[in-house]
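Here the structure comes first, spelled out in structure tokens, and everything after it is commentary.
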């Protein structure tokens, strides 16, 4: 079965979406699909067997220009191959919901994966919206796709509400823990404090970082050995001022953790605190469970689907409840042990990458059969 794989996502670097589609590409190949991916130079470190160039601003301008030109060539070749009508199915990865490929797709059946709609997320301070144009672009493509895969039941429900498309044209394939570094992971990181709470992801309102810091202030006052560790880079002067004002002071660490360092962070943390207001899936929860890290997260949107009965849940807008649940985990070693064991068990079953790969392969076969009238 010959599959054309849209190369657009691989213009991006080390983010969750590039990891998702790189794992999907390799999973389809491992299951016997003939997958054609017209990528010549990639910014994605997870795509094995391809030339990779870092796309960050610190990379020399010449290299970034080479990556840009290679991306334009990939786009041209992708459209030419799609127009040839030689493929049993197309897997679309376009992160900006560009519809240019529709001029070339012809009768080739195609599948799109919807990761979230984020039409509106309510916070104590504001409403966070996906820009209307993006939501309309996503809806436009979803209504025209041969079939749509959603990464959670929550995402499926939101997509159907946004587009009005019938549920029969969608499927749910619950995502998995894709954090499996190819290099050895350190057992410990020398600069880590002994007792810390972990926050993974963008330090934004939607992710609940503001609420988390407010919740942690009194805990830090009672426990002078407690730290907060964040993985999305050093703190800005404004973030540090907010942390100081909330009472966390210098007991905070922030840096860009590698995949190997992230595994060590999960394995040694007292818990992952992830009070996100809205998630299409919530990869840090799946990753934490896979590496035995207790999880305190929101009981909203997709997150209970991911955590099941292996996490503690809170209202992400309730600072007191968040403080109470984190405090329970920090103070109760037996509770941490139970959550670690339950998380590992859930990661090995509902969040297993092999299960996910098999289900995604079934979806691609289904789409190809629809193109054959099967």
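The values are calculated or read from the model by the stated rules, or taken from the named source; none is laboratory data. Given the structure is predicted, the values throughout are model-derived calculations rather than measurements. Cβ placement follows ideal geometry from the backbone for every residue including glycine, while neighbour counts extend to all protein chains displayed.
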Next item on the list: Would you check which residues across the stretch 267-311 are in contact (Cβ under 8 Å) with a residue 40 or more places away in the chain, within 13 Å of residue 153 (Cα to Cα) and part of a helix (DSSP H, G or I) and list them?
Entry: 305, 306
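Scanning the stretch 128-156 for residues that are part of a helix (DSSP H, G or I) and farther than 17 Å from residue 112 by Cβ, which turns out modelled with the lowest pLDDT?
Let us first name the residues in the stretch 128-156 that are part of a helix (DSSP H, G or I), namely 132-144, 153-156.
Filter again for farther than 17 Å from residue 112 by Cβ, leaving 132-133, 153-154.
Numbers: 132: 69, 133: 81, 153: 97, 154: 95.
Once the filter is applied, the top-ranked residue is 132.
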Next item on the list: Report, by residue number, each residue of the stretch 28-43 that is assigned to a helix (DSSP H, G or I) and either over 24 Å from the mean Cα position of the chain (by Cα) or surrounded by fewer than 21 Cβ atoms within 10 Å (Cβ to Cβ) (or both).
Entry: 29, 30
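So, in the stretch 15-26, of the ones that are within 11 Å of the chain's Cα centre (by Cα) and free of Cβ contacts under 8 Å to residues at least 60 places away in the same chain, which residue ends up surrounded by the most Cβ atoms within 10 Å (Cβ to Cβ)? Break it down into steps so the answer makes sense when it comes.
To start, the set of residues in the stretch 15-26 that are within 11 Å of the chain's Cα centre (by Cα) comprises 15-21.
Applying the additional criterion that residues be free of Cβ contacts under 8 Å to residues at least 60 places away in the same chain yields 15, 18.
Details: 15: 13, 18: 22.
The qualifying residue surrounded by the most Cβ atoms within 10 Å (Cβ to Cβ) is 18.
Which one is nearest to residue 219 (Cα to Cα) among residues in the stretch 244-253 that are surrounded by 17 or more Cβ atoms within 10 Å (Cβ to Cβ) and without any contact (Cβ under 8 Å) to a residue 40 or more places away in the chain?
Let us first name the residues in the stretch 244-253 that are surrounded by 17 or more Cβ atoms within 10 Å (Cβ to Cβ), namely 246, 248, 251-253.
Then keep just the ones that are without any contact (Cβ under 8 Å) to a residue 40 or more places away in the chain; that gives 246, 248, 252.
Details: 246: 11, 248: 9, 252: 13 Å.
Only one residue tops the list, namely 248.
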Notebook entry, point to check: Scanning for something within 19 Å of residue 353 (Cβ to Cβ) and within 22 Å of the chain's Cα centre (by Cα), does the stretch 79-94 turn up at least one residue?
Noted result: yes
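Residues are listed down the side, and each one gets a yes or a no for (1) closer than 28 Å to residue 268 by Cβ; (2) at pLDDT 95 or above; (3) out of contact with any strand residue (DSSP E or B) (no Cβ under 9 Å at 6 or more places or on another chain):
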{"position": "158", "(1), (2), (3)": "no, no, no"}
{"position": "177", "(1), (2), (3)": "yes, yes, yes"}
{"position": "184", "(1), (2), (3)": "yes, no, yes"}
{"position": "187", "(1), (2), (3)": "yes, no, yes"}
{"position": "194", "(1), (2), (3)": "yes, no, no"}
{"position": "215", "(1), (2), (3)": "yes, yes, no"}
{"position": "224", "(1), (2), (3)": "yes, no, yes"}
Item checked: Hey, residue 109 under 30 Å from residue 352 (Cβ atoms) and either touching a residue at least 40 places away in the same chain (Cβ under 8 Å) or surrounded by fewer than 16 Cβ atoms within 10 Å (Cβ to Cβ) (or both) or not -> yes
Item checked: Test: residue in the stretch 312-319 that is farther than 26 Å from residue 117 by Cβ, over 19 Å from the mean Cα position of the chain (by Cα) and part of a helix (DSSP H, G or I) -> yes
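Name the single residue, out of those in the stretch 218-243 being over 28 Å from the mean Cα position of the chain (by Cα) and crowded, with 17+ Cβ neighbours inside 10 Å, that is farthest from residue 194 (Cα to Cα).
Here is the first cut: in the stretch 218-243, the ones over 28 Å from the mean Cα position of the chain (by Cα) are 218-225, 241.
Then keep just the ones that are crowded, with 17+ Cβ neighbours inside 10 Å; that gives 219-220.
Working: 219: 16, 220: 14 Å.
By that ranking, first place goes to 219.
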Item checked: Selection from the stretch 85-105 of residues that are under 14 Å from residue 140 (Cβ atoms) and part of a loop (DSSP other than H, G, I, E, B) -> 94, 96, 97, 98, 99, 100, 101
Check: Does at least one position in the stretch 55-72 carry a residue that is surrounded by fewer than 19 Cβ atoms within 10 Å (Cβ to Cβ), modelled with pLDDT of 85 or more and under 30 Å from residue 371 (Cβ atoms)?
Finding: yes
Note to self: Regarding the stretch 291-303, can at least one residue be identified that is farther than 20 Å from residue 216 by Cα, within 15 Å of the chain's Cα centre (by Cα), buried (at least 24 other Cβ atoms within 10 Å of the Cβ) and at pLDDT 95 or above?
What the structure shows: yes
